[in-house]
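Step one of this worksheet: look at the structure below.
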Amino acid sequence: MLITQLKQKEAIESLVQGKTLILNCHGCKEVHFPEEEAVELQKELSANGDVTAIVTTDYICNPDHLALQLKKHMDTISAGDTVLVFSCGVGVQTAAKYLEDKKVFSACDTYPLPGFQGVTPLEFDCGQCGECYLNYTGGICPITACSKSLVNGQCGGSKNGKCEVDKDMDCGWELIYRKLEKQKKLDTLNYPTKIRNYGNPDAE
Amino acid sequence: MRITELFQRGEFVVTAEVGPPKGFHIEHLIEEANTFLKDKVHAINVTDNQSSVMRLGSLATCKVLQEQGLTSIFQLTCRDRNRIALQSDVLSAALLGIENLLLLTGDYTTLGDNPQAKPVFDLDSVSLLHMVKKLEQGEDLAGNPLVGEPPKFAKGAVVSPCSDSVDVQLAKMEAKVKAGAEYFQTQAVYEPEKFIRFMEKAKQFGVPVQLGIVIPKNAGMAKYMNANVAGISVPQDMIEELQKDKEKTKAGITGVEISARIIRECKDYCQGVHIMALGWESKVPDILAQAGM
Ligand code: SF4
Ligand code: SF4
């Protein structure tokens, strides 16, 4: 089971950058999602007029299903700047991949709870680190896409875009950099040194 | 002596690298260092279980070199130690009079000779630099105060100037500078034009860079590195040069000539050179002489 928790209110507010569509996922019964708090907060976020729509759906971690669910909202999304996702890390990554040239941000942190892992697709993986980094890394998870789970950039081991650990695996940091480069968002990487918190009693 | 003082004085800083043996007898290493490196280089790097192959410790080897009157550079990776052990080892280094650090992420465990080991990577090269900076400010990574005067080091880092993703490497270099890196040693360079282009961009950070040299021992090694080692590509004409006169290459003469030539072509663009001899320490004096050092 996963627990998805809202990030700090100020942090979420700073993610509403320009015209923003909010995407909620209430799919898995295996994921605990703070529905009421989210509704409250989203009401407040809507107050200043930047929120163009609030879409609540399920199983956004399934790429085909997500595409179908977003079909009638694509015009709104295209005309806007940002998609703010309230879901587990897998859902955010799936949305970030599908909406490749939009800013896709995560409003939640994802923690594990022992037991059944929920319905997760094959392509993306969330390590349930409890301090979601997707907003710094173009929606690509550095914990699971990088063999060393590096959070401050590429190591010296990447060759031809592949990881030193496995020549068949893309280097996660190469993907992160190229995506942000394409979006002209490389300045996102200028964040202060990140240090992971393994002392968080909930994080994996 | 901190090697940052040399850079500040405008010296062209020359360092070499030794790898501790797989065992605790280091007479041979000391003899080579005394014979071929003493008075030829400013300081000697000691690798930290390089390529994830288990060996004698870097810290102890540094201490032994210091006792011989040599200046050492303690290489420290994040592969095998969590932040408690890393901080503790850095304090131990200060106690032992070791003032130069080279801080790296480290190769992945499965690349070495104990592939079953747990990969740690609690920190990475950037947060490791940040950690040392905090110790220098008198507190540990969690903010707890240190007792007594804080340690002071020359904090080094690495970068790959000939990487196929040099822009990603430059972004990482910038993060390292911000986290406290005071000098850089580079991955092996075989393409001076690429290095010079890299330095054009790297000079904006205002941090000294030492050109990295790995002596090419033969064509097989060059081809192996091209296929397997990140950030290295040996041009075809250099491989042919190594193939041309097999006896000369075997005697190390070709490798020395190539290394010296690369240094000559690059030295005006950087602040020092770092020679990784990989067992050919005896060739270091010739390389430096031919390079006009
Ligand atoms: S950074 Fe990765 S592991 Fe951490 S919560 Fe986000 S998706 Fe999950
Ligand atoms: S090569 Fe890339 S994916 Fe592999 S450990 Fe290094 S940064 Fe991570």
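How many times 2.2 N^0.38 Å is the alpha carbon radius of gyration of segment B:65-189?
Cα Rg divided by the expected 2.2 N^0.38 Å: 1.09.
Let's see if you can work this out: charge +1 on each Lys and Arg Cβ, -1 on each Asp and Glu Cβ, no other charges. What is the dipole magnitude of chain B about its Cα centre, in debye to the nearest 20?
My answer is approximately 200 debye.
Just need log10 I(q)/I(0) for the protein assembly as shown at q = 0.08, 0.12, 0.13 Å⁻¹, Debye formula, equal scatterers on the alpha-carbon atoms, no solvent, rounded to two decimals.
Each listed q corresponds, in turn, to -0.55, -1.07, -1.19.
Which ³J(HN,Hα) values in Hz, rounded to whole numbers, follow from the phi angles of segment B:274-279 under the Karplus curve 6.51 cos²θ - 1.76 cosθ + 1.60, where θ = phi - 60° and Gly and Pro get x?
After applying 6.51 cos²θ - 1.76 cosθ + 1.60, I find 10, 9, 9, 7, 6, x Hz.
If I build a Gaussian network model for chain B, linking alpha-carbon pairs within less than 10 angstrom, which residue out of B:K155, B:K283, B:K176 has the largest mean-square fluctuation?
Looking only at B:K155, B:K283, B:K176, the biggest GNM fluctuation is shown by B:K283.
Of B:K217/B:K267; B:K38/B:K201; B:K194/B:K223, which pairs sit farther than 30 Å apart, going by alpha carbon to alpha carbon?
The pairs that break the limit, which is 30 Å between Cα atoms, are B:K38/B:K201.
Work out from phi, with θ = phi - 60° and the Karplus expression 6.51 cos²θ - 1.76 cosθ + 1.60, the ³J(HN,Hα) of each residue of segment B:16-30, listed in order in whole Hz, and give x for Gly and Pro.
Those phi angles translate into 10, 10, 10, x, x, x, 8, x, 10, 8, 10, 4, 4, 4, 5 Hz.
Mind checking which aspartates and glutamates have their C-alpha under 13 Å from B:K118, skipping anything on the same chain fewer than 8 residues away?
B:D80, B:D107
Using modelled amide H (1.01 Å from N, peptide plane; none on Pro or chain starts), what sits under 5 Å from the amide H of A:V51, excluding residues fewer than 5 places away?
Answer set, sorted by chain and number: A:T20.
How high is the relative contact order of chain A, in percent, counting Cα pairs under 8 Å that sit 6 or more residues apart?
21 percent
Relative to the compact-globule scaling 2.2 N^0.38 Å, provide the ratio for the alpha-carbon radius of gyration of chain B.
0.97
For B:K40, give me every one of the aspartates and glutamates with a C-alpha distance below 19 angstrom, ignoring sequence neighbours fewer than eight places off in its own chain.
B:E5, B:E11, B:E17, B:E31, B:E32, B:E67, B:E257, B:E281, B:D286
Return the sequence-ordered ³J(HN,Hα) values of segment B:39-54 in whole Hz as given by the Karplus equation 6.51 cos²θ - 1.76 cosθ + 1.60 applied to θ = phi - 60°, using x for Gly and Pro.
Karplus values, whole Hz, x for Gly and Pro: 6, 9, 10, 6, 7, 10, 6, 10, 6, 9, 6, 4, 6, 6, 9, 5.
Provide the buried accessible surface between chains B and A in square angstrom, both chains summed, 1.4 Å probe, rounded to the nearest 100.
Protein heavy atoms only, the B-A interface buries about 2300 Å².
Can you put A:W173, B:W280 in order of accessible area, largest first, using a 1.4 Å probe?
Largest accessible area first, the list is B:W280, A:W173.
Gaussian network model of chain A, Cα springs within a sub-10 Å range: biggest mean-square fluctuation belongs to which of A:V104, A:V16, A:V165?
Of the options given, A:V165 has the highest mean-square fluctuation.
Quick check on chain A: what does the Kirkwood estimate of hydrodynamic radius come out to from the alpha carbon pairs, in Å?
By the Kirkwood definition, the hydrodynamic radius is 17.3 Å.
For segment B:19-41 and segment B:43-93, what is the separation of their Cα centres, given in Å?
Cα centroid to Cα centroid, the span is 15 Å.
Using amide H atoms built in the peptide plane, which far-off residues or other-chain residues are under 5 Å from B:L211 H to H?
Close amide H contacts, sequence-distant or interchain: B:Q271, B:G272, B:V273, B:H274.
Amide H neighbours of A:L84 under 5 Å, counting only residues 5+ apart in sequence or on other chains, H built in-plane at 1.01 Å?
Excluding prolines and chain starts, which carry no amide H, the hits are A:L21, A:I22, A:L23, A:F105.
At a 1.4 Å probe, what is the % contribution of carbon and sulfur to the accessible area of chain B?
Numbers: 6220 of 12110 Å².
Exposed carbon and sulfur together represent 51 percent of the surface.
The values are calculated or read from the model by the stated rules, or taken from the named source; none is laboratory data. Please read all numbers here as calculations on a predicted model, not as lab measurements. Using ideal geometry, Cβ is built from the backbone for each residue, glycine included, and neighbour counts are taken over all protein chains shown. Side chains are part of the model used for accessible areas, which takes the heavy atoms of the whole protein and leaves out ligands, DNA and RNA. Shrake-Rupley method; radii C 1.70, N 1.55, O 1.52, S 1.80 Å.
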